[in-house]
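Notes to accompany the following structure.
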């Protein structure tokens, strides 16, 4: 993409009502637009990042047998009344609306009820199990707090996967495979080192659920981390009993602020009992399906990456999710030599499968470098009269700040490109 074709522009300052770093940087760099508190639009650069995050999650969900669907956001009241979750005294984050005939509908904040009801048409026998169904879909939650940018929205994209198994044993096996998939996801997103499997309340379904918490001062959660064992406990459940159960010592636990970037938990048979999702076992006996739920917010993951991977100059995207691999910057001189060389390099890179944002705008070096730092693309290629004098390109690593001069003919061989072109390992 040429920057002269990009309709979005960078900004020196974020809106005054934004207090979170992720929103400030993403708005200033032209990745998102704020519609209202807790509601954001994804602009071209932001959508590229979001789609890459979605792509990584999709690959890992498919790898553990997930089948992708897309369910309706509009919710049937009757299904939710069957589980006692239509009542706003029990669930206080509903957005509800009415049809012209006064039929009341909800906007989905999660999808256990509709998917459980749907699966009644497809699960009758043990031979139909196991199943794992997931989707990427906008959720709606009437949050009282909406000051954390895209970390907490009133409308947001979520990946929610639901597993259906014949018994607890097979459910537990799938649960462990999902846990490992989540660890791979956060590693691939570039935040694996800061993200801990965290023991949290299992509610009425099981002893524990598992959250995936990324260490960050912008986080709303408090966790206690055992760094040697790479596990943590949510403050809400920390007790001597839990420490003993997990074989942990309080003196080895360090208190940290964190962002919950994912969660997985048992559902047991609560929803299958309420909505009549049963199967016949090998002896013909009717049994309820055992379920689990596994959630990740791609937008929240993006906001977390922006919080963790940034500096005083702007965003510093990991290579796996950056909107482009290279930011090509042309510093024009007195004649057309620089423009011609930059155009040729842009074409060569693009033809070789390298994703390039080409800053072909007229402007000063300071303005272009400032925008490049803010946008945060991993590699910066600079062509100027000075570099052309040695038939070279100045290559800068956004993360480390390291600068090298590379001959035009060799830059296509930078190992990053071979690595970045590969998908799931």
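Taken together, the values in this text are just the output of simple stated rules run on the coordinates, not laboratory data. Everything numeric in this text was worked out from a predicted model, so none of it was measured. As a convention, Cβ positions derive from the backbone with ideal geometry for all residues, glycine included, and neighbour counts pool all protein chains shown.
Here is how the numbers come out for the structure above:
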quantity	calculated
Förster radius 41 Å - calculated FRET efficiency between residue 170 and residue 241 (Cβ-Cβ, nearest 0.05)	0.90
Where a label projected 7 Å from the Cα of residue 19 along Cα→Cβ would reach, residues of segment 29-63 with amide N under 19 Å	34-40
Efficiency of FRET between residue 391 and residue 7 - r from beta-carbon atoms, R0 30 angstrom, step 0.05	0.30
Nearest-ten-degree value, helix 44-63 long axis tilted from longest Cα axis of the chain	50 degrees
Relative contact order %, segment 19-107, counting alpha carbon pairs below 8 Å whose residues are six or more apart	16 percent
Relative contact order of segment 3-311, defined on C-alpha pairs under 8 angstrom at six or more residues apart (%)	20 percent
Net lengthening on full extension, residue 104/residue 278 (0.36 nm per residue, minus Cα-Cα)	59.8 nm
Rg/Rg_globular for segment 1-146, with Rg_globular taken as 2.2 N^0.38 Å and Rg from C-alpha atoms	1.35
Residues residue 312 and residue 352, FRET efficiency given R0 of 25 Å [Cβ-Cβ distance, rounded to 0.05]	0.15
Where Rh is the Kirkwood radius over Cα pairs, Rg/Rh for segment 131-284	0.99
Equivalent ellipsoid dimensions for segment 262-420 as semi-axes, Å, which come from the Cα gyration tensor, largest first	52, 17, 12
Shape parameters for segment 10-59, alpha-carbon atoms, Rg then Dmax in Å	11.8, 38
Inverse of mean 1/r across different Cα pairs in segment 290-378, Kirkwood, Å	15.2 Å
Percent of beta bridges antiparallel (DSSP, segment 3-311, rounded to nearest 5)	90 percent
With Cα atoms, 0 to 90° folded angle of helix 365-375 axis to the chain main axis	10 degrees
Global size of segment 189-253 as Cα Rg and Dmax, reported in angstrom	11.7, 34
Translational D in µm²/s for the chain (Stokes-Einstein at 20 °C, 1.002 mPa s, Kirkwood Rh from C-alpha pairs)	90 µm²/s
Using alpha-carbon coordinates, inclination of helix 337-351 to the longest axis of the chain, degrees	30 degrees
Gain on full stretching of the segment that runs from residue 88 to residue 125 - 0.36 nm per residue minus C-alpha separation	9.8 nm
Overall Cα dimensions of segment 326-420, principal axis frame, Å, largest first	38, 28, 21
